[in-house]
Amino acid sequence: MLTVHVHIEVKPDQVDAFKAACTENSRNSLQEPGIARFDVLQQQDDPTRFLLVEVYRTAEAPAAHKQTAHYHAWAETVADMMAVPRSSVRYDQVYPEAGIP
């Protein structure tokens with residue numbers, strides 16, 4: 001399992017549109033066989049900050065995800081909504097062991 005945290009800061013007037021685009025992308029992403037979770041989180045004390053928590057079943061799944069039509073539509077839609085470029089951090093699962101709920 002591979003977990004990716006994507007940190008995003010959105011322009012204040014774009015928050016609602018960004019949430020809608022991310023919800024649609026997440027809904028479609030969860031249909032991909034290589035994706036176990038795809039959470040969209042909004043920071044409580046700063047509603048312009050978001051965290052996408054993407055949990056992939058294989059090391060190849062992130063690249064496959066970035067080839068989908070819904071990912072390309074999301075990336076194009078949200079590009080001008082971001083206040084700064086997004087950043088990401090990748091994590092390997094230590095515990096619980098992969099496959100254990």
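The values are calculated or read from the model by the stated rules, or taken from the named source; none is laboratory data. None of the values given here were measured: they were computed from a predicted structure. Here Cβ is always computed from backbone atoms with ideal geometry, including for glycine, and neighbour counts include all displayed protein chains. The protein model used for the area step is the full one, side chains on, heavy atoms only, and it has no ligands, DNA or RNA in it. Shrake-Rupley method; radii C 1.70, N 1.55, O 1.52, S 1.80 Å.
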| Starting at 0 and stepping by 10 Å, how many percent of the alpha carbon pairs of the stretch 1-57 end up in each bin? | 24, 51, 22, 3
| How large is the accessible surface per residue of the chain, computed with a 1.4 Å probe and reported in Å² as a whole number? | 63 Å²
| remark: If the chain between GLN44 and ALA63 were fully extended at 0.36 nm per residue, the gain over the current Cα-Cα distance would be 3.8 nm
| request: Find the Rg to Rh ratio for the stretch 25-101, where Rh is the Kirkwood radius over alpha-carbon pairs and Rg uses the same atoms. | output: 0.98
| Hz values of 3J(HN,Hα) by residue in the stretch 24-32 - Karplus curve (6.51, -1.76, 1.60), Gly and Pro given as x | 5, 5, 5, 4, 6, 4, 5, 7, 6
| Using +1 on the beta carbon of Lys and Arg, -1 on that of Asp and Glu, and nothing else charged, what's the dipole of the chain about the Cα centre, debye to 20? | 160 debye
| the chain, accessible surface, carbon-and-sulfur percent (1.4 angstrom probe) | 53 percent
